[in-house]
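Scroll down for the structure; my scribbles are underneath it.
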Amino acid sequence: MHPVDLAPDYYKVLGVPHTATFVEIKQTYRGLLLKHHPDKATSPKSAPGIDIDLLKRAYEILSDSKRREEYDSHLQKTPPDGGGWPQSTPRPAQVVSIDLWDEVEGDMEMTWTYPCRCGSRYVLGEREMEMDVHLVPCEGCSESLHVGYELQEEH
């Protein structure tokens, strides 16, 4: 199984609204770095799977007015070939490889769980995987994750 390489919504990566000011973006970015960076974490149990490089990339784009304007323009467009995230589909907060999820053996099927920052969790079952579901909602809030995995054919 391999992580899926997609360009997530940088506003959701940082957890700021599209109307956020430079100061708000900077404060949020620094707070996230302090909370999740392995060398600076204020808590020994920072959320697993937080991609520091993705946080940095989001900050680089959104803190530069010209790059942010180009990025915002790109977000407004839906490519004619159907690529990107359709406007009616919620954008995931982040892309997380299934390798980072906890595997839970149930009575009926295998499931995978991943913690959400709200304290709840994301749950993905075998049936959803067989249906090629990648966008998984949190059980406790409105966030969604894009789960990176590839189904392996059994021989």
Give the stretch 4-51 a look and list any residue that's in contact with a Leu (Cβ under 9 Å, 6 or more places away or on another chain), at pLDDT below 80 and of a type outside the set (G, A, S), or say none. P8, H36, H37, K40, T42, P48, I50
Restricting attention to the stretch 95-133, and to residues there that are surrounded by fewer than 18 Cβ atoms within 10 Å (Cβ to Cβ) and in contact (Cβ under 8 Å) with a residue 24 or more places away in the chain, which single residue is farthest from V13 (Cα to Cα)? D99
Say whether the condition of being of a type in the set (K, R), modelled with pLDDT of 75 or more and surrounded by 12 or more Cβ atoms within 10 Å (Cβ to Cβ) is met by at least one residue in the stretch 85-94. no
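The values are calculated or read from the model by the stated rules, or taken from the named source; none is laboratory data. For clarity, every value in this text was computed on a predicted model and none was experimentally measured. Neighbour counts run over all protein chains shown; Cβ positions are idealised from the backbone, glycine included.
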